[in-house]
Amino acid sequence: MKKLLAILLTVAVLLSVCACSKPAETTAATTEEATAAAPAEAAAPVEQGKVYNIYCWNDEFQARFEKYFVEAGLVPDGVTINWVITPNADNAYQNKLDEALLAQETAAADDKIDLFLIEADYALKYVNTDYTLDVYTDVGLTEDDTAAMYGYTKDVCTDANGSLKGLSWQACPAGLIYRRSIAKAVLGTDDPTEVQAKLDSWDKFNAVAADAKALGYLMVAGYDDDYRVFSNNATTTWVDENNKIQFDPNILAWIDQTKTFTDNGYNNKAILWSDEQWAGAKADGTVMCYFGPGWFFDFCLAPATLADSEAEAAVGNGSYGDWAIVKGPQGYYWGGTWLCAAAGSDNLELTKLIMKTMTCDKDTLVGIVNDFNDFTNNEAAMTEIANSDFSSAFLGGQNYISVLLDSAKSIKFLASPYDQGCNEKLQEAMRGYFNGTATYDEAMDNFYTLVLEKYPELSR
């Protein structure tokens with residue numbers, strides 16, 4: 001397993017050296033060097049360190065940590081929390097993390113990684129190695145501590161040997177987020193129950209897209225808006241047992257739908273995370289539907305709807321409040337962030353406390369829902385909030401937890417270490433086909449070229 005990560009890390013480092021746009025400094029390492037650098041064992045020193053290093057890509061977890069750990073007075077006296085934040089753009093975060101993990105064994109005590117964050121798309125790259133510690137046997141949590149978590153969130157960070165290597169405060173069931181005023185114009189109602197009945201299959205969704213276009217509205221912003229609905233309902237992984245790339249029928253269905261939507265003008269040809277994507281959500285925007293979980297509409301969509309980003313996020317500021325959420329054509333999940341304890345850390349007692357407080361404590365997780373609109377990783381807490389008067393101002397006062405509760409229970413996790421690269425390269429390669437600058441076969445050839453450059457051990 002060390003060798004697997006060493007290979008993956010070495011490839012990432014070498015690629016980052018070649019790409020001058022990478023903001024993180026990189027150094028190349030051979031497979032043998034990387035393997036030798038991997039921690040030899042998971043046992044932590046008895047003496048706890050004075051600097052606690054957390055590697056992540058944005059301030060999402062930091063904000064929650066500050067409120068529920070720092071402000072609660074849980075940081076031990078004499079310990080400094082050091083945040084090493086490297087944005088995800090151009091794979092910079094993983095490059096930075098990979099370099100640090102390769103140097104972990106020889107790093108000075110105050111420079112060693114103690115905790116690092118990962119996402120589902122590339123989780124297996126790290127959990128299937130000795131760079132991550134077992135939550136139970138190494139960190140010291142118990143199965144009782146994690147009993148209330150949604151099962152798929154544990155599956156994401158369970159390695160090939162059945163060891164749990166990471167925990168999340170989030171569960172990320174996702175739905176269809178729609179503009180209430182546009183829904184009234186197109187569907188005759190903005191009531192979530194009625195809207196769901198009109199959009200509970202892809203056939204209905206596609207038919208409504210035509211109706212929306214006839215009235216001057218766009219069903220989605222761009223090419224990739226509903227990609228995760230299709231990809232996270234796949235029943236086969238991107239790579240088979242022979243390291244051959246394979247396409248799940250759900251992925252092919254997304255390609256077909258997106259081509260139709262683009263040709264018919266049902267989308268605005270926007271790329272995911274682009275300014276064009278968010279323009280459709282403004283007060284004068286014409287996009288009816290976006291897709292995502294709690295973090296998406298709280299962290300991304302809601303800010304994009306504001307006419308004045310400096311003013312309070314409230315009804316009357318842009319289209320804020322003119323939204324609601326339903327399950328949509330299919331239940332799915334999207335994203336999430338997991339905390340991993342790094343082998344070689346000299347702060348395992350603090351890691352145990354952080355993981356227990358931030359991912360296992362029901363009161364903390366209820367608080368995070370109320371303060372940050374996250375759907376949190378505790379079934380008892382979410383059931384309680386689903387049956388309460390909790391509401392989201394952005395969603396017009398809707399209790400979105402109750403909408404997504406059943407989806408959270410039914411999520412199945414299916415993944416390979418190649419998911420992030422395959423997902424991203426497919427979306428990139430298919431844009432030419434969607435906008436008419438490439439044939440289907442040309443776009444597919446481009447996809448295989450991009451993926452095989454990234455993962456040369458695979459075949460088409």
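A short reminder: the numbers here are calculations on the coordinates, not readings from a lab. Everything numeric here is computed off the predicted structure, so don't read it as measured data. Quick reminder, even Gly has a Cβ in these numbers, built from the backbone with ideal geometry, and neighbours come from all protein chains shown.
Taking only complete DSSP H runs, can you tell me which helices of the chain stretch 20 Å or more along their own long axis by Cα positions and average at least -0.5 on the Kyte-Doolittle scale? List each step's numbers first, then the result.
Working: long enough: 2-18 (24 Å, 2.16); 249-264 (23 Å, -0.54); 419-435 (24 Å, -1.31); 440-454 (21 Å, -0.43).
Those that clear 20 Å and a mean of -0.5 are 2-18, 440-454.
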Alpha-carbon centroid distance for the pair the range 297-339 / the range 395-460, whole angstrom:
22
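When all alpha-carbon pairs of the range 284-387 are counted, what percent fall beyond 15 Å?
Numbers: 3886 of 5356 pairs.
Everything past 15 Å amounts to 73 percent.
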Would you mind getting me the FRET efficiency between Val51 and Asp263? Use the beta-carbon distance for r and R0 = 60 Å, nearest 0.05.
0.60
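What is the Rg over Rh value, at two decimals, for the range 301-460, using alpha-carbon atoms and the Kirkwood definition of Rh?
With Rg and the Kirkwood Rh in hand, the quotient comes to 1.07.
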In the range 305-344, if every C-alpha pair distance is counted and binned at 5 Å from zero, what percent goes to each bin?
5, 16, 13, 10, 12, 17, 11, 7, 6, 3, 0
How many times 2.2 N^0.38 Å is the alpha carbon radius of gyration of the chain?
0.99
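For the range 59-164, take the convex hull of the Cα atoms, compute a quarter of its surface area, and give me that in nm², please.
Working: hull surface 32.3 nm².
Across all orientations, the range 59-164 yields a mean hull projection of 8.1 nm².
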Theoretical gain in end-to-end length, Thr235 to Ala279 [0.36 nm per residue, Cα-Cα removed]
12.4 nm
For the chain, calculate the relative contact order in percent as a whole number, restricting contacts to Cα pairs under 8 Å that are 6 or more residues apart.
22
Considering amide H positions built from the backbone, and no H for Pro or chain starts, which residues 5 or more places from Gln170, or on another chain, come under 5 Å of its amide H?
Thr337, Asn377
Would you mind computing, in nm to one decimal, how far apart the modelled labels at Glu310 and Asn161 are, each placed 7 Å from Cα along Cα→Cβ?
5.6
Would you calculate the separation in nanometres between label points at Asp256 and Asp90, each defined as 7 Å from the Cα along the Cα-to-beta-carbon direction?
3.9
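Mind putting a number on the dipole of the chain about its Cα centre? Charges go on the C-beta only, +1 for Lys and Arg and -1 for Asp and Glu, and I need it in Debye to the nearest 20.
Working: 32 positive and 67 negative charges, 203 e Å.
So the magnitude is around 980 debye.
Suppose the chain between Ser410 and Ala109 were pulled fully straight at 0.36 nm per residue; how much longer would it get relative to their current alpha carbon spacing? Can you show the working numbers first?
On the way: separation 301, 0.36 × 301 = 108.36 nm, distance 4.26 nm.
Contour length minus Cα-Cα distance gives 104.1 nm.
Could you list the square roots of 5 times each eigenvalue of the Cα gyration tensor of the range 206-281, that is, the equivalent ellipsoid semi-axes, sorted largest first and rounded to whole Å?
Working: eigenvalues 156, 38, 16 Å².
Semi-axes (√(5λ), whole Å): 28, 14, 9.
A 32 angstrom limit on the alpha carbon distance is what I want to check against. Which of Lys269/Lys409; Lys67/Lys112; Lys269/Lys327; Lys269/Lys362 exceed it?
Values: Lys269/Lys409 34 Å; Lys67/Lys112 25 Å; Lys269/Lys327 24 Å; Lys269/Lys362 42 Å.
Going by Cα-Cα distance, Lys269/Lys409; Lys269/Lys362 fall outside the 32 Å limit.
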Between the alpha-carbon centers of the range 230-270 and the range 121-182, tell me the distance in whole angstrom.
25
Along the Cα→Cβ direction, 7 angstrom out, place labels at Asn58 and Lys244. What is the inter-label distance in nm?
3.9
Note: Asn206 to Arg460 extended length (0.36 nm per residue) minus current alpha-carbon separation gives 88.3 nm
